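J.: Structure incoming, see below.
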Amino acid sequence: MARASSKSTTTTRAAQVQRQALEQKTNAPRKRGSKSASVVDNNSARPEEIQKAIHNAYQYFNREIVKSDEECADRLNAYFRDCHEQQMIPTVECMSLALGTVRRTVWDWEQGIGCSAARTNMIKKAKQILAAIDADLVSAGKIPQVVYIFRAKNFFGMSDQQEITINAAGNTDQDLSADDIARRYLEDGKTVETGFSDGGDE
């Protein structure tokens with residue numbers, strides 16, 4: 001009886017340990033993504049550089065969305081002036097905040113959605129300035145090429161493109177009648193398979 005009781009106690013304790021481990025795993029906060037995608041785990045910025053990055057973006061947080069094309073032009077001019085005076089690299093993200101909105105809305109304006117043609121032109125020119133700055137920086141070796149490629153594809157409409165030219169000079173069957181096509185095949189010594197048999201044995 002003593003042995004049975006000892007075995008039962010051991011089994012009970014093991015079950016409790018397993019239950020506690022399961023509860024801890026269930027209640028633990030879930031992590032999203034991997035460390036390879038974490039900015040926190042993958043950056044070489046010094047504390048003062050992180051502080052500057054926060055300031056660059058947050059200074060526009062309380063901006064109201066622009067209500068007119070004139071205000072949009074003033075905000076864009078002020079944003080690029082801020083970048084020059086504060087020595088910060090202009091980005092689509094911060095430019096959108098300076099306009100009091102988000103990237104999706106700025107993209108809509110660039111496509112002519114929900115705004116005037118004048119505002120669309122302003123946004124296109126502003127983004128061209130951003131693209132030119134990025135191009136200058138990557139040409140001078142100041143930003144990695146992979147960063148430039150990512151930004152160019154996602155923000156400035158660039159893409160990998162392969163052009164294929166098809167020469168259809170010899171493909172003139174569509175311009176011929178059925179009789180002409182049949183005559184040409186006969187002249188070439190070819191037969192046209194119709195899919196029908198003449199009824200004889202194969």
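The values are calculated or read from the model by the stated rules, or taken from the named source; none is laboratory data. The model shown is predicted, which means the values in this text are computed figures rather than measured ones. Because the Cβ atoms are built from the backbone with ideal geometry, glycine has one as well, and the counts that use them run over all protein chains shown.
J.: Residue by residue through region 18-52, note down the ones that are part of a helix (DSSP H, G or I), loosely packed, with under 10 Cβ neighbours inside 10 Å and at pLDDT below 70.
T.: Answer for region 18-52, where residues must be part of a helix (DSSP H, G or I), loosely packed, with under 10 Cβ neighbours inside 10 Å and at pLDDT below 70: Gln24, Lys25, Thr26, Asn27, Lys35, Ser36, Ala37.
J.: Turning to a different aspect of this structure: Just a yes or no: is a residue in region 92-101 under 29 Å from Glu49 (Cα atoms), assigned to a loop (DSSP other than H, G, I, E, B) and either modelled with pLDDT under 65 or not small (Gly, Ala, Ser) (or both)?
T.: The answer is yes, given that some residue of region 92-101 is under 29 Å from Glu49 (Cα atoms), assigned to a loop (DSSP other than H, G, I, E, B) and either modelled with pLDDT under 65 or not small (Gly, Ala, Ser) (or both).
J.: Return the residues of region 114-149 that are in contact with a helix residue (DSSP H, G or I) (Cβ under 6 Å, 6 or more places away or on another chain), in a helix (DSSP H, G or I), of a type in the set (A, V, I, L, M, F, W, C) and more than 26 Å from Gln87 (Cβ to Cβ); say none if nothing qualifies.
T.: Of everything in region 114-149, just one residue is in contact with a helix residue (DSSP H, G or I) (Cβ under 6 Å, 6 or more places away or on another chain), in a helix (DSSP H, G or I), of a type in the set (A, V, I, L, M, F, W, C) and more than 26 Å from Gln87 (Cβ to Cβ), namely Ala118.
J.: When you look at Glu71, is it in a loop (DSSP other than H, G, I, E, B) and not hydrophobic (A, V, I, L, M, F, W, C), yes or no?
T.: Considered against the rule, which asks whether it is in a loop (DSSP other than H, G, I, E, B) and not hydrophobic (A, V, I, L, M, F, W, C), Glu71 comes out as no.
J.: What are the pairs with Cβ atoms under 9 angstrom where one residue, in region 55-79, is in contact (Cβ under 8 Å) with a residue 24 or more places away in the chain and over 15 Å from Val92 (Cβ atoms) and the other, located anywhere, is among the acidic types (Asp, Glu) and assigned to a helix (DSSP H, G or I)? Sequence gap at least six, or different chains.
T.: Val66/Asp74
J.: Tell me, which residue of region 65-88 that is basic (Lys, Arg) and within 17 Å of Gln128 (Cα to Cα) is surrounded by the fewest Cβ atoms within 10 Å (Cβ to Cβ)?
T.: Here the residue is Arg81.
J.: Does any residue of region 53-76 turn out to be on the phi > 0 side of the Ramachandran plot and at pLDDT 90 or above?
T.: Within region 53-76, none of the residues are on the phi > 0 side of the Ramachandran plot and at pLDDT 90 or above.
J.: Next up: With respect to the numbered conditions (1) modelled with pLDDT of 70 or more; (2) part of a helix (DSSP H, G or I); (3) hydrophobic (A, V, I, L, M, F, W, C); (4) surrounded by 13 or more Cβ atoms within 10 Å (Cβ to Cβ), which one is the sole condition not fulfilled by Ala152?
T.: For Ala152, the exception is condition (1).
J.: While we're looking at this one, here's another question. Of everything in region 104-113 that's surrounded by 15 or more Cβ atoms within 10 Å (Cβ to Cβ) and touching a helix residue (DSSP H, G or I) at 6+ places or on another chain (Cβ under 6 Å), which residue is nearest to Ala53 (Cα to Cα)?
T.: Val106
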